[in-house]
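Remarks on the structure that follows.
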Protein chains: 2
Amino acid sequence: MSEAATHDVVGRSVKRGDLLAKVTGSAQFTADFAWPGLLYGRIKRCNVAHARIRRIDASRALALPGVKAVLTHENVPRVLHAGSPHPRSASVTPDQYILDDRVRYWGEGVAAVAATSEEIAEEALELIEVEYEPLPAVFTVEEAADPSSPAIHDRGFGHNLVLAPQVFTRGDIEQGFADADLVIEGEYECGRPTPAYMEPNACACLWDGNGGLTVWSSTQTAFMVRGILAEVLGLPLSKVRVLVDHMGGGFGAKQDLFQHEFLCALLAKQTRRPVRMEFTREETFLGGRTRHPAKIWLKQGFKRDGTLTARQARVVFNSGAYGSHGPGVTIVGTSALVSLFRCDNIHLEGRCVYTNSPIAGAYRGYGVVQTYYALDLQMDEAAERLGMDPLALKLKNAVREGDIAPSGHPIVGHGLEDCIRHGRELVGWPGVRRQGRDEGVVRTGWGMGCEMHGSSAYPGIKEQGNAIVKMNEDGSAVLLTGTAGLGTGAHTALAQIVAEELGVSFERVSCIHGDTDVVPWDIGAFASHTTYMGGRAAQMAAAKVKEQLLERAAKLLECDAAQLDVRQDHVFLRGDPARRLSIAEVVGPRKGIPAAQFVGSATYHPTKSYSFAAHFAQVQVDTETGEVRVLQVVPVHEIGKVIHPVGAAGQIEGGIQQGIGHTLYEDYQIDTKTGRSLNANFVDYKMPLSMDMPEIHTVLLETAPDPGGPYGAKGVGEDPIIAIGPAICNAIFDAIGVRFRHFPIKPEQVLQRLREKRVREGEAA
Amino acid sequence: MSEAATHDVVGRSVKRGDLLAKVTGSAQFTADFAWPGLLYGRIKRCNVAHARIRRIDASRALALPGVKAVLTHENVPRVLHAGSPHPRSASVTPDQYILDDRVRYWGEGVAAVAATSEEIAEEALELIEVEYEPLPAVFTVEEAADPSSPAIHDRGFGHNLVLAPQVFTRGDIEQGFADADLVIEGEYECGRPTPAYMEPNACACLWDGNGGLTVWSSTQTAFMVRGILAEVLGLPLSKVRVLVDHMGGGFGAKQDLFQHEFLCALLAKQTRRPVRMEFTREETFLGGRTRHPAKIWLKQGFKRDGTLTARQARVVFNSGAYGSHGPGVTIVGTSALVSLFRCDNIHLEGRCVYTNSPIAGAYRGYGVVQTYYALDLQMDEAAERLGMDPLALKLKNAVREGDIAPSGHPIVGHGLEDCIRHGRELVGWPGVRRQGRDEGVVRTGWGMGCEMHGSSAYPGIKEQGNAIVKMNEDGSAVLLTGTAGLGTGAHTALAQIVAEELGVSFERVSCIHGDTDVVPWDIGAFASHTTYMGGRAAQMAAAKVKEQLLERAAKLLECDAAQLDVRQDHVFLRGDPARRLSIAEVVGPRKGIPAAQFVGSATYHPTKSYSFAAHFAQVQVDTETGEVRVLQVVPVHEIGKVIHPVGAAGQIEGGIQQGIGHTLYEDYQIDTKTGRSLNANFVDYKMPLSMDMPEIHTVLLETAPDPGGPYGAKGVGEDPIIAIGPAICNAIFDAIGVRFRHFPIKPEQVLQRLREKRVREGEAA
């Protein structure tokens, strides 16, 4: 690896490789897939929350001209599979059929149609007759846990449990509380936001004459889609090709295998024609994945000086009708509470419960959004009770070098402290705090929230990034990577890393991705690890090409390869840079010697690196309307070496926008009697618009680069969505002296709590 | 490499990977390319043989509704380029413009149109007005060589010479002839067959929003198309992606870069829409490539016992209007005469001449068809004069182990002798010979022809095969190869080689090819080297994967990797095969260890290997109609290890069919006054049909495997088209006692020569 102190490509906000394609509209998304003879697939969804299908009759639909196939549970393979098919995870939950004779939530698919137009397919859905035998339904985790409630699945982890309760302990919790001067406890509750990606789920399938299946899908985990489709359809991996080019977002939720992907493949098989399916916006709610609604009971003990003595938590995640990522979210979200703020005595218990609700899945933050929301809020509450500045309390307890992270790995550096301190100076904390001193109708306040998040899901030998790099005869290079491009610019970052390592200009590196037949295996784009893990593998593969390049150059320059370096498209003698050749001259054909074909491949088993952030937010609360506006955010992130500053800042701004959404607006709701979805559209499901966005002054620290990451880079994908919620919530308290222990915080709740406060204060007066 | 004495996959006629796709019609060819907004491109071709364009007016065409663009020489880049852009060849001929203000043969393109339908494009061609200023035209090599004739190009190799005369000498030619007891000379002439591939040339182009060009093209040389398009259009290689999936034949002629490929790219650029172009059948004649018509003056000296003492030749190839493969064909075709039959004193001179005729290019046999036709026929003539059996004469002089081949490499083994001897026994030679004894209307005879042909065009460091092999987590494997699949089954052979080397079943190996962005560089499918060179590279890459596989297996089986072998999808301990694991068990995830991702890549610099054949043909001549029928052929080939027997036999049968075609039927003709094409269709250009085919009893010897080829394999692609012509011609002599020194041999010529013979015999009597 090049250990040059300065970099030519890495650290620069180069023009994204996909920029012009996206700006001009020429970028191809899955729904753009077109082919002669294309059929349009649609899914019929149930309108009951829990029922057995007594009868399903597709005959009228099949009789409709233009309808080519109808699938129901009666004519699809009955294979139990997991929605989140991580081939390496110990905690997958095989609890789904492609189509079942039973439905478990309102909106679940019961049949699928392929027809010559979308209109005909739509009409055919109406002609499919379904008779349901209703079953009692449960929607809350409390109802589901009641032994008298119906079992939603017949599985062995206890009544409606997605997995066995997960317990994480450290030290002696009883002693910890006994040693405390202050014990504080509370229940925190998180709503049901959905990722609401711009590009609805889409899939197109085509079978070739040799029994091979090609699947275009908007997925973050192409190799997982390949694996589970191959398994369920009984094909070898070499017969399933999954393709995905551009994507309009995923945010974790597109790392499940969905009903429509199976159904699209089966419709294409039955009709022997290409079939395309695209969700309507409503279906992205009904058939998509939400964040896990959660309840976190949290209790902590403190010494008078702020030292944490004990932490106890019981976390319950609502998985909805299927397990999906419930196990992973439960483990990651619950175990996250061993860290962020140091504590020697810990007892955590995490549960995940089936209900007859929409399916919760992976969503940016992966359980940690919920638990760190509770933790950070309670630190703020404790600071008040201890009479301390909340920043000082958090700084005192912030994890640091050598502390053990949730993954069991020791923390590298002092990232969290660095972020808190840097932000403190920048915003002028604590001077900016209002501490409820504002008195007008519109009051302002500042709050701060903290987070840490790991890159790579399964550190060590369980995980791997892979890459192949080849160099063309003109010295341009191609990276073959299995990483997915959700729209984050990750492939730009990877190309930068390859360009830097090879010493070629960024424009001369192209990136091939999204074709499981072609690129090396990748676990998928999640866990903030694409740049970290895929980038490191790309760097290692490029280094192997560089080695071959320097060897050839050494022959041409008549020197030893060890004397050579390569930068800015030229190979040169260290100490005598005038003795040089362009890379094209080295690689290209020369008299009697052909152009070279250099290929390098590499596998990288990552460690786990942690990124840190402190978000400082200023809010304004209208005490007459209850409206909360975020005025400005100063997000200070420590993510190691920054490969593409604008790209990293973009991730942070987007995370803040989503975080504002779930903190103040977003909650996908179902009717508590019928389970019917109430706001599966963008009118009733309110997301922050550009005019709701605050000013954001992003700060990227590079104080704790990770030795395992490419050039010291760490992940940034998930981090920015975690700390913004607590920062806002703490800022609201700073503005109006009212604490909330849930999200989203709606205006009517703000008004209600202000009224209660006034009543209390009136009573006290 | 595995040195196992027996093979599991190699040598078996496995089911071709593309079989079902082709049989069911689902295989995608370039002309199947469809895309929303597709435009249809057509080329306007000139109707003069040689002229300057005085005026070209596209305004009426552009005014036609649906016409989106018209290109003429006035609005395309003026870059001189070679039609055969071998990046490593010393002898490319940059003599073409995309569109020129001068046309050099009847049918050359002068303008191109893109329109919303093929019909509109066709109509628009008629509306383009062109005024020509005619120039004197020359059609024969003699006319062209006349210093008073017009220069077709302004280039520096002498009047209308495509390249400087090529001279090959050995020993002392004068002494050789002085030592001869018999000197024989004659002029031999070869017509103008065209490859007449089933799939007409086709191309489709699409520019992405980032200025990148994607080209689907039916080409044998995707990387050459990429290279020259990039150069002429001023793009880096990483911005040009050339794709080709299935092909319906090429036979060498699709290894040029054609006018339509440039025009298609430029039309797509100008219209910002995808554009597709497909040749009509007529255009495959007008815009395609033919074999080089040739005249070979050949003189040889023999001792009474048949020993060759001298060989002298002057070969003139007619290149047509452009150079294309003229240099290569001249060098390869002429220098071939140093070999086949041993001779110490040789003087050969090869020329290639421009004429105002259709462009000659690469075509199966690449100049050798013509020169070995002359050589073998003259050996038969000499045998008659010497009173020897022609087989005995050829066997006596056959090249053998250690002799120097045309490439300068020593011959390995005794392939030619083996083929002659084996065939002799099989057909019962010389007993079957008729020697003109038949007397009825229909007479039969046997003849034999010999050939040798090298695999790989530029042996040694100048040439390379490349491959990448990756293994999936279920133990299936993927080969990434730049080799092209013309329909020969080469990718099946390559997958067999990978399967054999990895020890996995053939069905578990898939082959990715035809995407220049993805696969490693390849020179293209020609020179009979795909299996030989690409196959060896694939074997080497697979061996690297195997090494990683065995290392991992050794850990699991707790032994040394050197003790292990892998066959039939299992890794086992040599000597204790019960201690074994399936490959999937080795590669797939295990408790705590993830699935592995093994990748291997390799570059192979080939030597030159020679394959040999003797064809024995029985013909029947109808002395009343002059019709010649080939009754049976016994082709005996020595091609080293046979990877896929049915595939190799298919190559041989197809070559014999094409050889019968050019020997008896096929000749693309132009009017000798105007240069107008006379038979550019399958009614007037007669090819052998299935009912014209003889019985073929193919014999594949494996007596001289090549140490450089995969498992000892050598090439077979070009061989079978070479010896069949002389075999038929010699058989005609055996049947009716008449010798021909040209092809094709038409019935009217047979009748004419029979009449002359009768007159001579009458005079003699």
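Per q in 0.08 1/Å, what log10 I(q)/I(0) does a Debye calculation on the alpha-carbon atoms of the protein assembly as shown return? Calculated log10 I(q)/I(0) at the listed q: -1.05.
Taking label points 7 Å from Cα along the Cα-to-Cβ direction, A:LEU631 and B:ASN75 give a separation of 5.9 nm. Summing +1 for each Lys or Arg and -1 for each Asp or Glu among the other residues whose beta-carbon sits under 15 angstrom from that of B:HIS697 gives -2. Normalised by the number of residues in region A:230-355, the average gap of Cα pairs under 8 Å and 6 or more apart makes the relative contact order 19 percent.
Semi-axis lengths, largest first, of the ellipsoid equivalent to region A:535-576 are 20, 11, 8 Å, with √(5λ) applied to each eigenvalue of the Cα gyration tensor. Using helices alone, what [θ] at 222 nm do you get for the protein assembly as shown, with -39,500 (n - 2.57) per DSSP H run of 4 or more residues, divided over all residues and rounded to the nearest 500? Using -39500 (n - 2.57) per qualifying helix, the result is -8000 deg cm²/dmol. A simple spin-label model places pseudo-atoms 7 Å from Cα toward Cβ; at B:ARG758 and B:GLU142 they are separated by 3.0 nm. Shortest first, B:GLN563 label-point distances to identical copies amount to 4.8 nm, with the label point at 7 Å from Cα along Cα→Cβ.
Using only Cα coordinates, the Kirkwood hydrodynamic radius of region A:309-360 works out to 11.7 Å. Going by the alpha-carbon gyration tensor, a ≥ b ≥ c the square roots of its eigenvalues, is region B:471-626 rounded (a/c under 1.5) or, if a/c is not under 1.5, prolate (a/b greater than b/c) versus oblate? Prolate, since a/c reaches 1.5 and a/b exceeds b/c. When the listed pairs B:LYS394/B:LYS746; A:LYS303/A:LYS714; B:LYS15/B:LYS269 are checked against a 31 Å cut-off, the alpha-carbon distance exceeds it for A:LYS303/A:LYS714; B:LYS15/B:LYS269. Here the label points at B:SER117 and B:CYS559, each 7 Å from Cα along the C-beta direction, are separated by 7.1 nm in the simple model. Maximal additional length on extending the B:THR280-B:ASP57 stretch stands at 77.9 nm, based on 0.36 nm per residue less the C-alpha distance. Each principal axis of chain B carries a Cα extent, and these read 96, 73, 47 Å when sorted largest first.
When each of the peptides B:200-211, B:673-684 is scored by how many other beta carbons lie within 10 Å of its residues on average, the order from highest to lowest is B:200-211, B:673-684. Computed across region B:549-658, the Kirkwood hydrodynamic radius from all distinct Cα-Cα pairs reaches 19.3 Å. Partners of B:LYS555 within straight-line reach, counting lysines whose Cα lies under 17 Å from its Cα and excluding those fewer than 8 residues away in the same chain: A:LYS462, B:LYS546, B:LYS591. Expressed as a fraction of 2.2 N^0.38 Å, the C-alpha radius of gyration for region A:205-325 is 1.53. Take every Cα pair under 8 Å whose residues are at least 6 apart in sequence, average their separation, divide by the length of chain B, and the relative contact order is 16 percent.
Which residue of chain B is nearest the rotation axis onto chain A, counting by its Cβ, and what is the distance in whole Å? Reported as residue, whole Å: B:VAL518, 2.
Tell me, how many Å apart are the Cα centres for region A:487-563 and for region B:90-147? Centre-to-centre (Cα) distance: 45 Å. Normalising the Debye intensity of region A:329-466 to I(0), with uniform scatterers on Cα atoms only, and taking log10 at q = 0.11, 0.17 Å⁻¹ returns -0.52, -1.05.
For region B:372-379, the Karplus equation 6.51 cos²θ - 1.76 cosθ + 1.60, evaluated at θ = phi - 60°, returns couplings of 6, 4, 4, 5, 5, 4, 5, 4 Hz by residue, with Gly and Pro reported as x. In angstrom, the C-alpha Rg and Dmax of region B:43-179 are 20.6, 77. Take B:PRO707, move 7 Å from Cα toward the beta carbon, and the resulting point lies 4.9 nm from the same point in each other copy, nearest first. Beyond 18 Å, how much of the Cα-Cα pair distribution for region A:593-719 remains, as a whole percent? Beyond 18 Å sits 66 percent of the P(r) for region A:593-719. Remark: relative contact order (region B:658-765) = 34 percent; criterion is Cα-Cα distance under 8 angstrom and separation of 6 or more residues. Taking the centroid of alpha carbons for each part, region A:5-34 and region A:50-67 are 44 Å apart. Rounded to the nearest 20 debye, the dipole size of chain B about its Cα centre is 780 debye, using +1 on the Cβ of Lys and Arg and -1 on the Cβ of Asp and Glu. Computed extension gain for A:ASP179 through A:THR674, at 0.36 nm per residue and net of the alpha carbon distance, reaches 173.4 nm. Counting from the shortest, the label point at A:THR116, 7 Å from Cα toward Cβ, is 2.3 nm from the same position in each remaining copy. Here region B:587-629 and region B:148-212 have alpha carbon centers that stand 27 Å from each other.
Where a number appears in this text, it was derived from the coordinates with a stated rule and is not lab data. Only a predicted model underlies this, so the values are computations on that prediction, with no experimental measurement involved. Positions of Cβ are generated from backbone atoms using ideal geometry, with glycine treated the same way; all protein chains shown enter the neighbour counts.
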